[in-house]
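The values are calculated or read from the model by the stated rules, or taken from the named source; none is laboratory data. The shown structure was predicted, so the numbers you read here are calculated from the model rather than taken from an experiment. Methodologically, a virtual Cβ is constructed for each residue, glycine included, from the backbone with ideal geometry; neighbour enumeration extends over all protein chains shown. Just so you know, the surface numbers come from the protein's heavy atoms only, side chains and all, with ligands and any DNA or RNA stripped out. Shrake-Rupley method; radii C 1.70, N 1.55, O 1.52, S 1.80 Å.
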Amino acid sequence: MTYLMRYGSGLSGKQLQAVLQGGLSPQTHPLGADINLSPMHRAVEAMRAPDGAISPTSDGEFAPVVYETLSDLPDRHLLDNRFWQWLACTEFREYVRGRWAAGVDLDVDPTLKPSQQARFLGNPGLNGLGRNALSRLFWTARVMQDADQGYALTKALFTKQDLAVGVVERSFGLIPAVARACAQHLSALPEKDHRAALKRLNLRASTVSLEGASEADVRALLLE
Amino acid sequence: MGWQRAYPYAEDDSALVGTVSAASPGLVQRSDGTWDAFSEELALASFAVEVKVDEERLAACLPDGLSPDAFVEIAVRLTGLHSRQRRELRTWESGQQNFTVDLDPMEYVGKVDLDVVARLKAPVDHVPGFAHLAGSVLARAELATIWFSEPPKSIGDTLEVRWEDFDNDGGLVDGQLFTVRMEERPVILLNSAVPSAYDILSSKGTWGAAARIRDAVYAQIVHQAWSSILSHCFMEVVRHDEGESVDTVLAELEEWQAQVLRAWAPAFEPGESDPDLAVSALVEEVRATGSLVVLQKLPEAIQANCVTISGFNGLVKEFDRFQKEPT
């Protein structure tokens, strides 16, 4: 079991570099919960190529594991970007590196581009939890999974990374029925078509209340 | 003419009236009308809600022959972007309702908004000038804004300044005086490796050469920093779809980006005295022109807001004094 922590305050890009180099140990606070992280560690080991790189195609398989492992935590912790930073910089730093910065050797020269830093750091906003390498998987699996189809839609959404970003980083993507309908009806479409459909839905969402919309209602708005 | 939301059909927000009061101890209404659910440790944040519906006004939003009883439903919605939640709390067919909303503080962070809408229950035949899609909002009223964490301090028109040794940071360019970093919030980094920079820029004096140089250099830094930050915010606005409402765009931006736009909107829209209308007008203008026209206004807006000319005036005074000193 691992006793979960969060950083005392959010890390900056410079602090992240120092943490990854081992030159900085930020103050941490306990969350008061311990979790068995072994399923996530085992999944990471299985996904890693000999050079440590992890393929983007692993997202659809790993997201359910992240979700199942952490879903018992209270939302208040799962919404705390400092928890996800701690997780990405400690227990799963090799996963984040392998998935998003495979060419960087953290022990030798941990100079990360801002876009790579964001995979460790995220930020507290709507888009930010979609940037952290682990929280994006958790929250996508949470909104996509359902009793009938399990994680089929989670996997479908991650087959098109652009679609996943387009749904998860928009506010209508917070409504489970809407996000699921997007994955169900758009994941087989070419990129330009699903982009157009998401724009159309966003336009309609300015006057249509999507909370409470049925799957058929959303489908009609997406494909009208 | 001020900015107004362009509904493509008949709607009437005055058809709904909602009132909210605290129903659990420890909830405090703040001076801005929002609710504080973070200062006290609450087991539950409970609110008593009353919603009144004006059926006649709703009927006027429907084509002839359709009655609100049969075609409209009322829904109370919860939106908490930082809590990653958008959902319905309650729906009913029509008429007044009194009920309690219970929110568990362990499920939320940041700001949560409650509102009530009257909407079409199902699609109806399309009649020009009237809503026809299922879910179309015919009326909307805000109920409450609740803070489950302390509201972020507004950066609005102030910036964090930090000293760094650029020579010792591979990500910073040696020899430069300053740079602007978009971290969780924007920060100005000053280079402590530049000789005399720290002494001059940290000086507390109100007169003399050091103070004049300090003020003039700060004016330059401030101008360039705000140029970067405002441009960054405008580009974020442009990334959003044209059809998104201004409220949605502002809600989806980082908190600090929305604060910057709100704080600076009056400088870009001087003819708009209402701050809410000013930020709406600014967002619309940024989107309509792909930000180009607004970017052209940057120098004037920043000089007006930050009075950066005073730094130059101070240098001129120092130059005059220097020239008058006997050699």
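When the alpha carbon gyration tensor of the stretch B:181-266 is reduced to an equivalent ellipsoid, the three semi-axes, largest first, read 35, 13, 10 Å. Only lysine pairs 8 or more places apart, or on different chains, with alpha-carbon atoms under 22 angstrom apart are counted in chain A, and they number 4. Could you give the angle, 0 to 90 degrees to the nearest 10, between helix B:292-306's Cα long axis and the longest principal axis of the Cα atoms of chain B? The angle comes out at about 60 degrees.
Residues of the stretch A:15-46 falling in the label zone of A:TYR3, defined by backbone nitrogen less than 16 Å from a point 7 Å along Cα to beta-carbon, are A:27-37. Overall shape of chain A was characterised from the C-alpha gyration tensor. The equivalent ellipsoid obtained from it has semi-axes of 32, 18, 17 Å, in decreasing order.
Answer with one residue from A:HIS194, A:THR111, B:GLY135: the one whose Cα lies farthest towards the positive end of the charge dipole of the protein assembly as shown, charges on Cβ with Lys, Arg +1 and Asp, Glu -1. Of the options given, the answer is A:THR111. Within the assembled protein chains, the solvent-accessible surface assigned to A:MET5 is about 40 Å², based on a 1.4 Å probe. If one takes the longest principal axis of the Cα atoms in chain B, at what angle in degrees, from 0 to 90 and to the nearest 10, does the Cα axis of helix B:255-268 lie? Its long axis makes an angle of about 80 degrees. Here the dipole of the stretch A:135-224 is about 260 debye; that uses its Cα centre as origin and unit charges on the Cβ of Lys and Arg (positive) and Asp and Glu (negative).
Using only helices, what value at 222 nm comes out for chain B when you add -39,500 (n - 2.57) per DSSP H run of length 4 or more and divide by the total residues, to the nearest 500 deg cm²/dmol?
Helix contribution divided over all residues of chain B: -10500 deg cm²/dmol.
Take the Cα of A:THR111, step 7 Å toward its Cβ, do the same at A:ALA188, and the gap between the two points is 4.8 nm. Rounded to the nearest 0.05, what FRET efficiency is calculated for B:ALA10 and A:ALA152 with R0 set to 45 Å and r the Cβ-Cβ distance? Between B:ALA10 and A:ALA152 the formula returns 0.60. Binning every alpha carbon pair distance of the protein assembly as shown at 20 Å from zero, what are the percents per bin? The percentages, shortest bin first, are 18, 49, 27, 5, 0.
Rounded to whole numbers, the Karplus 3J(HN,Hα) couplings from phi for the stretch B:105-122 are x, 6, 9, 9, 9, x, 9, 10, 10, 10, 9, 10, 10, 9, 9, 5, 6, 8 Hz, using 6.51 cos²θ - 1.76 cosθ + 1.60 with θ = phi - 60°, and x at Gly and Pro. Evaluated at q = 0.14, 0.15, 0.16, 0.19 Å⁻¹, the base-10 log of the normalised Debye intensity for the stretch B:1-148, with identical point scatterers placed on the Cα atoms, takes the values -0.71, -0.79, -0.87, -1.08. Between A:ALA220 and B:ASP174, the C-beta separation translates, for a Förster distance of 56 Å, into a calculated FRET efficiency of about 0.45. Here r is the Cβ-Cβ distance between B:GLU88 and B:SER196 and R0 is 41 Å; the resulting FRET efficiency, rounded to 0.05, is 0.10. Amide hydrogen proximity for A:ASP80: with H placed 1.01 Å from N in the peptide plane, no residue at 5 or more positions away or on another chain lies under 5 Å.
Under 5 Å between amide hydrogens, built in the peptide plane, is the criterion, and for A:ASN132 it picks out A:GLY122, A:ASN123 among residues at least 5 positions away or on other chains.
If you average 1/r over every pair of different alpha-carbon atoms in chain B and take one over that average, what Kirkwood value in Å do you get?
23.6
With each label modelled as a point 7 angstrom along the Cα→C-beta vector, the B:GLU40-B:ASP274 pair spans 3.5 nm. Cross-link partners among aspartates and glutamates for B:LYS297, C-alpha distance below 16 Å, same-chain residues fewer than 8 apart left out? Of all the aspartates and glutamates, those that pass the test against B:LYS297 - Cα under 16 Å, at least 8 places apart if same chain - are B:GLU269, B:GLU272, B:GLU284, B:GLU285.
Take each residue of peptide B:132-139, count the partner chain Cβ atoms within 10 Å of its Cβ, and average: the result is 5.
For the modelled label position 7 Å from the Cα of B:VAL17 along Cα-to-Cβ, which residues of the stretch B:53-69 have backbone nitrogen atoms closer than 16 Å? Under 16 Å, as judged by backbone N against the label point of B:VAL17, lie B:53-58 of the stretch B:53-69. To the nearest 10, the accessible area of A:GLU94 is 60 Å² with a 1.4 Å probe. A 1.4 Å probe, protein heavy atoms only, puts the accessible area of A:SER9 near 80 Å².
Cα axis of helix A:191-205 to longest principal axis of chain A: angle in degrees, 0 to 90, nearest 10? The two axes meet at around 70 degrees.
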